1. Run down B:214, B:267, B:241 and say which single residue is under 22 Å from residue B:165 (Cβ atoms), of a type in the set (Asp, Glu), surrounded by fewer than 19 Cβ atoms within 10 Å (Cβ to Cβ) and in contact (Cβ under 8 Å) with a residue 60 or more places away in the chain.
2. Between A:217, A:205, which is away from chain B (no Cβ under 14 Å), modelled with pLDDT of 95 or more and over 25 Å from residue A:74 (Cβ atoms)?
3. If you take the residues in segment B:94-115 that are over 18 Å from the mean Cα position of the chain (by Cα) and among the hydroxyl-bearing types (Ser, Thr, Tyr), which one is surrounded by the most Cβ atoms within 10 Å (Cβ to Cβ)?
4. Mind checking which residues of segment B:16-40 are surrounded by fewer than 20 Cβ atoms within 10 Å (Cβ to Cβ), touching a strand residue (DSSP E or B) at 6+ places or on another chain (Cβ under 9 Å) and within 26 Å of residue B:276 (Cα to Cα)?
5. Of all residues in segment B:185-230, how many are under 16 Å from the mean Cα position of the chain (by Cα) and of a type in the set (Gly, Ala, Ser)?
6. I need every pair where a residue in segment B:41-64 that is surrounded by fewer than 22 Cβ atoms within 10 Å (Cβ to Cβ) has its Cβ under 9 Å from the Cβ of a residue that is at pLDDT below 95, sequence separation at least 6 or different chains.
7. Could you identify the single residue in B:255, B:261 that is assigned to a loop (DSSP other than H, G, I, E, B) and under 19 Å from residue B:147 (Cα atoms)?
8. Identify the single condition in (1) within 24 Å of residue A:6 (Cα to Cα); (2) in contact with a Pro (Cβ under 9 Å, 6 or more places away or on another chain) that residue A:133 does not satisfy, given that it satisfies every other one.
Protein chains: 2
Amino acid sequence: MEATLLKSHKTFEGQTQFWEHDSVSTKTKMKFSTYIPTGLVKGCVIWLSGLTCTDENFITKAGAQKYLAEHQLMVICPDTSPRGLQLPGEHDSYDFGSGASFYVDAKTEGYSEHYNMFSYITNELYELIQNQFQIPKNKVSIMGHSMGGHGALVIGLRESSKFQSISAFAPITNPTLAPWGKKAFTGYLGEDQDIWKQYDATELIRSGARHPNEILIDQGLADEFYLKAQLLPSHFEKSCEVADQKLKMHYRADFDHSYYFIATFIESHIQHHAKFLA
Amino acid sequence: MEATLLKSHKTFEGQTQFWEHDSVSTKTKMKFSTYIPTGLVKGCVIWLSGLTCTDENFITKAGAQKYLAEHQLMVICPDTSPRGLQLPGEHDSYDFGSGASFYVDAKTEGYSEHYNMFSYITNELYELIQNQFQIPKNKVSIMGHSMGGHGALVIGLRESSKFQSISAFAPITNPTLAPWGKKAFTGYLGEDQDIWKQYDATELIRSGARHPNEILIDQGLADEFYLKAQLLPSHFEKSCEVADQKLKMHYRADFDHSYYFIATFIESHIQHHAKFLA
């Protein structure tokens, strides 16, 4: 389904743009933003945002455009959930429902009709990147922050042939053991813990999922959600070590969970993806 | 009056911070944000934001921190008006009252008690920069965007001994001839056009105001407010030419009025100020 351009802003040597399209996965309109450098585009990185975010946060706050233009890469930033619905409990809390899809294909009543963000990213957006933006299918990578870092790890590991490289900022790496993850998975997936494990990066590595290229993660040590055991990066680190999954994990003193942390290290993440997409 | 730190976020090699203090100029609490590099700080640039903005827009969207850290400069970004008041018409439109001070010392009833942003920036914030942040008084410069570009030009020209250098993005350069300026000046200053001219950068140059150092301005050619004759940079350019005021004016094809434009050229503005503050 071709997306419609809503707004365009010249930014460095390229355009920051906002789009909307009808999604077959979510049966709603979906918004996304892009940055597309002028001239040859060598590849595309999907950015998945965290809880409460929309398609706008990364593109306005991360300062990525300069580096994307330098490396001739585009970025595409989908919204964090379907919008415009009125499902039971959908708008009652910041960590479930709207703005909080956790990038799963939901199984529970009502949600299973619309909250199919795993399919939306992996199939629908992936195809749109090829068809509308003419990016070859072997030139797509994925990254994200917090809930979106979880999404990037899970999608990149489960569909490793579709995504050339994976990176994450402060990802929720073991959601089946974290309060946010337990709440979301109960609400979207029901009680069957075997289904939960298909959306848990640490469990995926334990059960044999691998990505051929090194995964990059940055984690701030003053991150309140790291300190509250929502993110559990050491669990993921340990499982990668045991499984021989290549992983570059940076713990960053004094950095928190904010976009100021992302802005500081986004250049190195874009360099990481450029290595595999160029 | 010492300001209180509300929040702090490590960003590159320094801290993005949010502050609040009791202002004697506005008789309200005032908020501002800062970025302060770690280690030696060579000077401070005041950033004045445009209509509808707060102390948050620049510090979250402009991507300035990296370059401020490199040049060992701090930035301080005050709010765009007093807050928490209920003056007549103060909250009725985006271009007058709250979020729209135009950086004047108001003369009209009610506003004259609180909307003294010229004094707030020029005296109160200027002294706070010295007292609380230990910046020598000959190491302060000023820049801004749109209404804040107007503020930077007017304040920098009228108080040229206090500010080492001036720069602006898409400034309102001749407000006495522009719809925004006429509305604001009528509301804050009354009908006396001689008072208006004290807050009009083009008129100030015409009546003899000068800055010893070259002024830097960037203007996007796809800027809707430029196209609607709100900004009138050619008037300022002409008056500087006639008066031999040094001015570097860049017209930028395809750029609009947004923070994407600011983010693209902020590095060159910080380099400009660093030249005079280092």
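The values are calculated or read from the model by the stated rules, or taken from the named source; none is laboratory data. Only a predicted model underlies this, so the values are computations on that prediction, with no experimental measurement involved. With ideal geometry, Cβ positions are generated from the backbone for all residues, glycine too; neighbour counts draw on all protein chains shown.
1. Working: B:214 fails: in contact (Cβ under 8 Å) with a residue 60 or more places away in the chain; B:241 fails: in contact (Cβ under 8 Å) with a residue 60 or more places away in the chain.
Result: B:267 is the single residue among B:214, B:267, B:241 that is under 22 Å from residue B:165 (Cβ atoms), of a type in the set (Asp, Glu), surrounded by fewer than 19 Cβ atoms within 10 Å (Cβ to Cβ) and in contact (Cβ under 8 Å) with a residue 60 or more places away in the chain.
2. After applying the criteria, what remains is A:205.
3. Looking at the filtered set, the residue picked out is B:111.
4. Passing the criteria: B:38, B:39.
5. 1
6. Matching pairs, first to second residue: B:42/B:278.
7. B:255
8. The failed condition is (2).
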